[in-house]
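A.B. asks: Structure below; questions to follow.
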Amino acid sequence: MHFEFLFMSFSEFEAVIGLEIHIQLKTKRKMFCWCSNDGENQPPNTTICEVCLGHPGTLPVPNKQAIKWATLMALALNCKINPYQFFDRKNYFYPDLPKGYQISQFSYPIGYDGVLSIPPVKSKSKTYIEEMSDDIDIGIERLHLEEDAAKNIHESGKILVDYNRAGTPLIEIVTKPDFRSPQHAKAFLQDLQLIARYLGISDADMEKGHLRCDANVSLRPRGEDRLYPKTEIKNLNSFKSVERALEYEIQRQFKLWQEGKQNTLTQATRLWDENTQSTYEMRTKETSEDYRYFPEPDIPPFYFEGDNVLFDVDEVKKEIGELPYDKRKRFVKEYGLDMESARVLTASVILANYFEEVVEILHSMIEDEIESHDNVYQYIGKQTSKWIVNKLAGVLSGKGKSLDENPVSVEHMSEFMKLVVKREINSTVAQKVLEKMVSEGLSPQEILESEDLAGRVEDLSKIVDEVLSENPAEVEKYRQGKTALLQFFLGQVMKKTQGKADPQEATELLKNRLEK
Ligand code: ZN
Ligand code: MN
């Protein structure tokens, strides 16, 4: 019984969502000491030293690579870079933080005031009713650098602490509250993961905690500008849980509004429980004053302007290269792909390069022969995309693999695409060849020879003539108007050629003869 909808409908409200994201950087060393940063793959408490354990009297030395990579990410998110920076201490007590403070940045983050555009999202949400058709700009409030804390492992009523993670370089990204739906938040996070991977600064694997996300959300009546008390949701370990937790929280807050209890909403931190698919309150939110931030006295400030710069920011900018957003748009434009295929093909730099190399080789092989097409790149791009995104991915997934684990070489794939595009093999044969290419690593030509699938049926017109002369009665009926018999003739041709004929070519030949 949803009688309350009589009084207040969800469409009168909008969700106001912001994200706070932490991304671990995969530098060789930790943020402020010489320890290996590979602690997640090592036995607990083996990649540690006096500095990352917070022994009194030790001094932190910042990792320049980490500062560079944080700057790289800030630039990729179109942030402004602070010309003058230093670290701050963020004070709080917890067993995972032996110093009693985290070295972070407060007053002058690496980057601020950035923006990331995300494409429109198809929404199946119950809490989201608008279908957006344009890109949405998400503001980036700030991006700063800090050190990770140790990892607490809860085990039979005890908390075990693994300090391997303590001191791992971490970037924190805070967005403006620009999301209006859980789906947008998820899409943004997925793009952020992709950007980190494109830049090569993090594997950004959510399940492994390289990419962690807290989401804050409040509701407000549509048309209002003010922000109501928000809840911050923690413990989101997958893209799906970000989406689900936000959906849940929006519904929970909406119910309070419906019941006239919106005044009971206070700024609070809630934890997402994967088992019950719900959130519960952990604590009312502390404010930044509680952390008593102050400048870290043990690390000198650093500069990106003046005589003594740490490094040249413009040089770092040159390392960025084409980012996922731009690559997708270019694939759509240059190769005539739909957005979804472009998204699949740009899911990694390796896959995107693979696709473009295949198209390029294919283009050089058949350039002279297909000039009838206005846009050759679109013609072969679309077909290559289809065979990689649909067929090759399908064959691989049948073996429990993804396109990332594709064993087919660029050379074999372009040779294969040449046979397909020139219609030297039909799609049935092509499918068989592709399967063998994946499982046996042979070239398409080798497979065709060994399997006697040999491509084009050279004397197809002879076979068509044979079929027609063997079935004079049907030919007569066809000519009297029973044109559905075309399928019968085609079937006969396919039978005689053991499925090797190109159906389209055979159909054309049949029509040609029959309509004489
Ligand atoms: Zn250390
Ligand atoms: Mn943080």
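A.B. asks: Just wondering, is there one or more residues in the stretch 36-47 that are closer than 27 Å to GLU315 by Cβ, within 25 Å of the chain's Cα centre (by Cα) and without any contact (Cβ under 8 Å) to a residue 60 or more places away in the chain?
C.D. replies: Residues of the stretch 36-47 that are closer than 27 Å to GLU315 by Cβ, as a first pass: 37.
Now narrow it down to the ones that are within 25 Å of the chain's Cα centre (by Cα): 37.
The next check asks that each one be without any contact (Cβ under 8 Å) to a residue 60 or more places away in the chain; those that pass are none.
No, every residue in the stretch 36-47 fails to be closer than 27 Å to GLU315 by Cβ, within 25 Å of the chain's Cα centre (by Cα) and without any contact (Cβ under 8 Å) to a residue 60 or more places away in the chain.
A.B. asks: Also: From the list GLN487, GLN492, GLN445, which one is closer than 30 Å to SER348 by Cα and either outside any loop (DSSP other than H, G, I, E, B) or touching a strand residue (DSSP E or B) at 6+ places or on another chain (Cβ under 6 Å) (or both)?
C.D. replies: Being closer than 30 Å to SER348 by Cα and either outside any loop (DSSP other than H, G, I, E, B) or touching a strand residue (DSSP E or B) at 6+ places or on another chain (Cβ under 6 Å) (or both) holds for just one of GLN487, GLN492, GLN445, which is GLN445.
A.B. asks: Another question about this same structure. State whether one or more residues within the stretch 161-180 are in the same structural domain as ASP273 (by TED's automatic domain parsing), in a loop (DSSP other than H, G, I, E, B), more than 16 Å from ligand 1 (Cβ to nearest atom) and small (Gly, Ala, Ser).
C.D. replies: The first filter runs over the stretch 161-180 and keeps only residues in the same structural domain as ASP273 (by TED's automatic domain parsing), leaving 161-180.
Now restrict to residues that are in a loop (DSSP other than H, G, I, E, B): 166-168, 176-178, 180.
Still in the list and also more than 16 Å from ligand 1 (Cβ to nearest atom): 176-178, 180.
Next, from what is left, pick out any that are small (Gly, Ala, Ser): none.
No - not one qualifying residue is present in the stretch 161-180.
A.B. asks: Same structure, new question: Keeping to the stretch 52-97, report how many residues are part of a loop (DSSP other than H, G, I, E, B), of a type outside the set (Gly, Ala, Ser) and over 29 Å from ARG197 (Cα atoms).
C.D. replies: Taking the stretch 52-97 as the starting set, the residues that turn out to be part of a loop (DSSP other than H, G, I, E, B) are 52-63, 77-79, 82-83, 86-87, 92-97.
Imposing the further condition that a residue be of a type outside the set (Gly, Ala, Ser) reduces the set to 52-53, 55-56, 58-63, 77-79, 82-83, 86-87, 92-97.
If we keep only those that are over 29 Å from ARG197 (Cα atoms) too, we end up with 53, 55-56, 58-59, 92-95.
Residues that pass the stated criteria total 9.
A.B. asks: Can you confirm whether the stretch 262-285 contains a residue that is assigned by TED's automatic domain parsing to the domain that holds GLY18, buried (at least 19 other Cβ atoms within 10 Å of the Cβ) and within 30 Å of LYS26 (Cβ to Cβ)? Please lay out each step first, then the result.
C.D. replies: Filtering the stretch 262-285 for residues assigned by TED's automatic domain parsing to the domain that holds GLY18 gives 262-285.
Okay, now just the ones that are also buried (at least 19 other Cβ atoms within 10 Å of the Cβ), so 270, 272, 279.
Applying the additional criterion that residues be within 30 Å of LYS26 (Cβ to Cβ) yields 272.
Within the stretch 262-285 (the criterion being assigned by TED's automatic domain parsing to the domain that holds GLY18, buried (at least 19 other Cβ atoms within 10 Å of the Cβ) and within 30 Å of LYS26 (Cβ to Cβ)), the answer is yes, since at least one residue qualifies.
A.B. asks: Test THR47 against the stated conditions and say whether it is under 19 Å from GLY167 (Cα atoms) and crowded, with 18+ Cβ neighbours inside 10 Å. Working first, answer last.
C.D. replies: Working: under 19 Å from GLY167 (Cα atoms): yes; crowded, with 18+ Cβ neighbours inside 10 Å: yes.
Yes, satisfied.
A.B. asks: Could you check the stretch 217-251 and list, in sequence order, the residues that are farther than 17 Å from LYS261 by Cβ, assigned to a loop (DSSP other than H, G, I, E, B) and touching a residue at least 12 places away in the same chain (Cβ under 8 Å)?
C.D. replies: ARG222, LEU227, ASN237, SER238 - these are the residues of the stretch 217-251 that are farther than 17 Å from LYS261 by Cβ, assigned to a loop (DSSP other than H, G, I, E, B) and touching a residue at least 12 places away in the same chain (Cβ under 8 Å).
A.B. asks: Among (1) within 15 Å of ligand 2 (Cβ to nearest atom); (2) buried (at least 20 other Cβ atoms within 10 Å of the Cβ); (3) modelled with pLDDT of 95 or more, there is one condition LEU236 misses while meeting the rest; what is its number?
C.D. replies: (3)
A.B. asks: Run down LYS399, LYS391, LYS333, LYS382 and say which single residue is surrounded by fewer than 18 Cβ atoms within 10 Å (Cβ to Cβ) and out of contact with any helix residue (DSSP H, G or I) (no Cβ under 8 Å at 6 or more places or on another chain).
C.D. replies: Working: LYS399 fails: out of contact with any helix residue (DSSP H, G or I) (no Cβ under 8 Å at 6 or more places or on another chain); LYS391 fails: out of contact with any helix residue (DSSP H, G or I) (no Cβ under 8 Å at 6 or more places or on another chain); LYS382 fails: out of contact with any helix residue (DSSP H, G or I) (no Cβ under 8 Å at 6 or more places or on another chain).
Only one candidate qualifies: LYS333.
A.B. asks: Those residues that are surrounded by fewer than 19 Cβ atoms within 10 Å (Cβ to Cβ) and away from ligand 1 (no atom under 16 Å from the Cβ), I need them from the stretch 82-100; list them, please.
C.D. replies: PRO83, TYR84, PHE86, ASN91, TYR92, PHE93, TYR94, PRO95, GLY100
A.B. asks: State whether one or more residues within the stretch 453-460 are under 18 Å from ASN512 (Cβ atoms) and not in a loop (DSSP other than H, G, I, E, B). Step through it out loud before you land on a result.
C.D. replies: First pass over the stretch 453-460, keeping only residues under 18 Å from ASN512 (Cβ atoms): 456-460.
The next check asks that each one be not in a loop (DSSP other than H, G, I, E, B); those that pass are 460.
Scanning the stretch 453-460 turns up at least one residue that is under 18 Å from ASN512 (Cβ atoms) and not in a loop (DSSP other than H, G, I, E, B).
A.B. asks: What do you reckon, is ILE195 farther than 30 Å from PRO98 by Cβ, away from ligand 1 (no atom under 16 Å from the Cβ) and at pLDDT 95 or above? Can you show your working first?
C.D. replies: Working: farther than 30 Å from PRO98 by Cβ: yes; away from ligand 1 (no atom under 16 Å from the Cβ): yes; at pLDDT 95 or above: yes.
Taking the combined requirement at face value, the residue satisfies it.
A.B. asks: Cβ-Cβ distance below 9 Å, separation of 6 or more or different chains: which pairs start in the stretch 170-191 with a residue that is within 10 Å of LEU143 (Cα to Cα) and end on one that is more than 16 Å from ligand 2 (Cβ to nearest atom) and outside any helix (DSSP H, G or I)?
C.D. replies: Correct list of pairs: ILE171/ILE201; ILE173/LEU77; ILE173/GLY114; THR175/ILE17; THR175/LEU116; THR175/ILE138; THR175/GLY139.
This table checks each residue for (1) touching a Leu at 6+ places or on another chain (Cβ under 7 Å); (2) within 16 Å of ligand 2 (Cβ to nearest atom).
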site	(1), (2)
ALA15	yes, no
VAL61	no, no
GLN65	no, no
ASN82	no, no
ASP88	no, yes
TYR92	no, yes
SER104	no, yes
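The values are calculated or read from the model by the stated rules, or taken from the named source; none is laboratory data. Remember, it's a predicted structure, so these values are computed and weren't measured experimentally. Note that we place each Cβ from the backbone using ideal geometry, even for glycine, and neighbour counts take in every protein chain shown.
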